[in-house]
Amino acid sequence: MAGPKLQQFILMPRRGVRDPVMLNPLLLPDQQPKPLAVMAFARGVRRSVREPTHQIRVIHSIHEDGLKLAEMSPEAVFNLRTTLPGVRVVPVVYYRTAQRPRFEVATAVKTAGRATGDLKLTIKAAGSGTPLAGAKVVAFTDFATRAGLEGTSNARGSVLLGRNRTSLTLDRLYIYPPHGYWGYYAENTRISDGDGFELPIIDLSVPDLLTTLYGGHPRDAGSGVKVGIIDTGISRDHPDLKVAGGKNLVTGEDPNDFGPSADHGSHVAGIVAAHGTAPTGKRGVAPGATLMSYRVFGHGVENANNYDIARAIDQAVADQCDLINMSLGGGGRDPAVEEAVNAAYQAGTLSICATGNDYRQPVSFPARLQQVLAVSAFGQRGTFPDKSVETGDIEKPFAAANKERFIAAFSNIGQEVALTGPGVGIVSTVPEKDYAVLSGTSMACPAVTGCIAAILSQQPNLLQMPRDQSRTAAFTKAALVKAILQGFAPDDASMEGHGLL
Amino acid sequence: MDFRESKISMSRYILRYKAPGTKPQQDLLRIREAAGVKILDESPRMLLVEGDDEKIKGLRNDLSDWLVTPEVQISVPDTRYRIKRPIE
């Protein structure tokens, strides 16, 4: 049988290049590998520390207390992170010449058969038949090239997809719902003028994946833990949300306007700490946690900049947040945000970040930073309606622990993943005192944040530690030891890291 | 699709003070007096500045305790698909 895949890593202190933490006996250069404590184990199957996957061999050391070159498996990286949280593990990177990429000609769009007339669909609420405004229909004639038509329903529930055609054969059809409803999804289908689609209403008494997993948490779960949500702002008048404070960090806007500029932040906040009760409300993972809103997306603006995000992290630390949730990210490394995240770590505040939604691409920044916990997203069949948009998110691998669970098709993955969380078909709070279903690593991230808040509220000794990096390391360890591997990919931690809390 | 990143302008930079404590007044004075560099916003640890690329990069050499990095933008995360090539 083939042995574990070993890789080379640079081991270094979290700050600077020399530190007493590097004197740990585990990090002494040696011809023989040393065993690492096993902190993660599959359901009921604890592995032996003698397994090569849980060993580390330090090949070279610049100074006794300085940088080391080590060889170990990606799985062992996670165990080292738990055993020695003060040590950064950086993959050895090899550079190559910057070869110019080749441009390719996009395939021509094939037009479907023409006919006189329009292609209109009608979107209604299931049961009542009420026309639904604001449903977005995305009809792919060729999904691979993202070719097709799209439109949004008007007050009569009518969507005009195109003129001079009355039908269309589709690879995929997505109907993204307005607040209060689930969407619709179909593959290899044909639509014709006059077709109608009915969207199921969100029934808060029917548990989604979040409630299935964490609905049994007590109302005071997370009490004593302050959670900063760096996002689009949190609704301040939703009956299920209580926002203790915050700040608008968007340069040029009123600092006191930390309410919502879009749905996203309120949805994320509700997952952490909504305190409603079904069937009239929604409960989050840690209803007792204190929510702080740090808005970095401006009104009428789709983008946030790294200056405002770094300021938001600084502000959350200044406000003594214990946890920071960042369901946001970008492709490239950004030194400003990295410095702010590092300063937060040094000040005893743990950051939890979404890995990104680029369909199994590498983990986005800032989730890829060593100082944060990166969260991938999984879903579970049976926790969303048949034919809902979430059906399109189902993709291998499935969990050994539960064959209905899958890593979401959209989730980014990689060795930086620390934990996985529920991120498919999550119902939560949105502005205008409403509820909506959203999917993404953005939803998995606050579920994990809420879980950590609930864990910490049970361990006041950790919360009372001096606000320094030891506190953050203790938070990290307290979370990771509670994780349970789901077995999405044996011997490959890139999907779920330590598993599910 | 989501989590996109794009540089909005090479003329806007973030200056972040990396050393412990507050920003040294003499550093601030040097930045304020640098010709062609305008301070747009200020926080306890950072400055958002706008100006000539070369001037700002020159500050990087003068201010060893400061991180100088371009302003970039990210979009609100979204898993919804979009049509990239509308058919006729």
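The values are calculated or read from the model by the stated rules, or taken from the named source; none is laboratory data. If you're wondering where the values come from, they're calculated on a predicted model, not measured in any experiment. Here Cβ is always computed from backbone atoms with ideal geometry, including for glycine, and neighbour counts include all displayed protein chains.
Observations
- Within region A:125-179, the set of residues being more than 13 Å from chain B (Cβ to nearest Cβ), crowded, with 17+ Cβ neighbours inside 10 Å and touching a Phe, Trp or Tyr at 6+ places or on another chain (Cβ under 8 Å) comprises A:ALA125, A:LEU132.
- Among residues of region A:30-41 that are in a strand (DSSP E or B), those with a beta-carbon under 7 Å from a residue that is modelled with pLDDT of 75 or more at least six positions away or on a different chain give the pairs A:LYS34/A:LEU26; A:LYS34/A:GLN55; A:LYS34/A:ILE56; A:PRO35/A:GLN55.
- Of the residues making up region A:342-374, those that are on the phi > 0 side of the Ramachandran plot and surrounded by fewer than 24 Cβ atoms within 10 Å (Cβ to Cβ) number 3.
- Search result, residues across region B:26-50 that are away from chain A (no Cβ under 14 Å) and of a type in the set (Lys, Arg): B:ARG30, B:ARG32
Let's see how each residue does on (1) at pLDDT 95 or above; (2) under 25 Å from A:ALA401 (Cβ atoms); (3) in a helix (DSSP H, G or I):
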{"site": "A:ILE455", "(1), (2), (3)": "yes, yes, yes"}
{"site": "A:LEU462", "(1), (2), (3)": "yes, no, yes"}
{"site": "A:MET465", "(1), (2), (3)": "yes, no, no"}
{"site": "A:ARG471", "(1), (2), (3)": "yes, no, yes"}
{"site": "A:ALA474", "(1), (2), (3)": "yes, no, yes"}
{"site": "A:LYS482", "(1), (2), (3)": "yes, yes, no"}
{"site": "A:ASP491", "(1), (2), (3)": "no, yes, no"}
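- For A:HIS299, the conditions (1) touching a Ser or Thr at 6+ places or on another chain (Cβ under 7 Å); (2) closer than 16 Å to A:THR349 by Cβ; (3) of a type outside the set (S, T, N, Q) all hold with the exception of (2).
- Pairs meeting the criteria (first residue in region A:373-385 and in the same structural domain as A:LEU419 (by TED's automatic domain parsing), second residue at pLDDT below 95 and of a type in the set (Phe, Trp, Tyr), beta carbons under 8 Å, at least 6 apart or on different chains) are lacking.
- Index of the failed condition, B:ASP53 passing every other in (1) within 14 Å of chain A (Cβ to nearest Cβ); (2) exposed (fewer than 14 other Cβ atoms within 10 Å of the Cβ); (3) touching a strand residue (DSSP E or B) at 6+ places or on another chain (Cβ under 9 Å); (4) of a type outside the set (Lys, Arg): (1)
- Residues located in region A:302-327, provided they are at the interface with chain B (Cβ under 10 Å from one of its Cβ atoms) and either among the charged types (D, E, K, R) or in a loop (DSSP other than H, G, I, E, B) (or both): A:GLU302, A:ASP308, A:ARG311, A:ASP314, A:SER327
- Here A:LEU501 fulfils each of the conditions (1) outside the structural domain of A:ARG283 (by TED's automatic domain parsing); (2) touching a strand residue (DSSP E or B) at 6+ places or on another chain (Cβ under 6 Å); (3) hydrophobic (A, V, I, L, M, F, W, C) apart from (2).
- Region B:56-88: number of residues that are among the acidic types (Asp, Glu), in contact (Cβ under 8 Å) with a residue 24 or more places away in the chain and within 12 Å of another protein chain (Cβ to nearest Cβ): 3
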